[in-house]
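Visitor: Mind looking over this structure? Questions follow.
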Amino acid sequence: QVQLMESGGGLVQSGGSLRLSCTATESIATFYFMAWYRQAPGNEREQVASIRISGTTDYADFVEGRFTISRDSANNKMYLEMNSLKPDDTGVYYCYSVQYGPRTYWGQGTQVTVSS
């Protein structure tokens, strides 16, 4: 069973930066779709950014050019570089992937808190 483990969350001031990592327990070479989601208290989980095996990326409108998603197949990792963070970016950030099959996986989440 594949496991996804997020790391890199924390407390940061408004305008600050964080880099989230998602590490898979096996090769992501067959993960044709990977994404970051987030969930704020009282809100539904929403997609933040995605990246396909082709390298094509997509971002939610609220990202406004502040975040960059990437994947490192050699190290079985996916990243989310977040800059110019706002208090509205506060939430639990989850790693999600879809493997050929298809099989889907979620990580356990990492907390991001942006103070004003």
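The values are calculated or read from the model by the stated rules, or taken from the named source; none is laboratory data. Keep in mind it's a predicted model, so treat the numbers as computed, not measured. Ideal geometry is used to build each Cβ from the backbone, glycine not excepted, and the neighbour counts take in all protein chains shown. Just so you know, the surface numbers come from the protein's heavy atoms only, side chains and all, with ligands and any DNA or RNA stripped out. Shrake-Rupley method; radii C 1.70, N 1.55, O 1.52, S 1.80 Å.
Visitor: Of all residues in the stretch 48-71, count the ones that are of a type in the set (Val, Ile, Thr), within 20 Å of Ala29 (Cβ to Cβ) and surrounded by fewer than 18 Cβ atoms within 10 Å (Cβ to Cβ).
Guide: 3
Visitor: For Thr110, are the conditions met, namely being in contact with an Asp or Glu (Cβ under 6 Å, 6 or more places away or on another chain), buried (at least 18 other Cβ atoms within 10 Å of the Cβ) and of a type outside the set (Gly, Ala, Ser)?
Guide: Here the answer is yes, as Thr110 does meet what is asked.
Visitor: I've got another one for you. Does Ala74 satisfy being open to solvent by 80 Å² or more (accessible area, probe 1.4 Å) and either charged (D, E, K, R) or more than 11 Å from the chain's Cα centre (by Cα) (or both)?
Guide: So Ala74 passes the test.
Visitor: Can you say whether Arg45 is open to solvent by 60 Å² or more (accessible area, probe 1.4 Å), charged (D, E, K, R), under 15 Å from the mean Cα position of the chain (by Cα) and modelled with pLDDT of 95 or more, as far as the supplied structure shows?
Guide: Numbers: open to solvent by 60 Å² or more (accessible area, probe 1.4 Å): yes; charged (D, E, K, R): yes; under 15 Å from the mean Cα position of the chain (by Cα): yes; modelled with pLDDT of 95 or more: yes.
So Arg45 fits the description; yes.
Visitor: Then there is this: For the stretch 88-101: of the residues being in contact (Cβ under 8 Å) with a residue 24 or more places away in the chain and open to solvent by 60 Å² or more (accessible area, probe 1.4 Å), which is farthest from Gly9 (Cα to Cα)?
Guide: So the residue we want is Tyr100.
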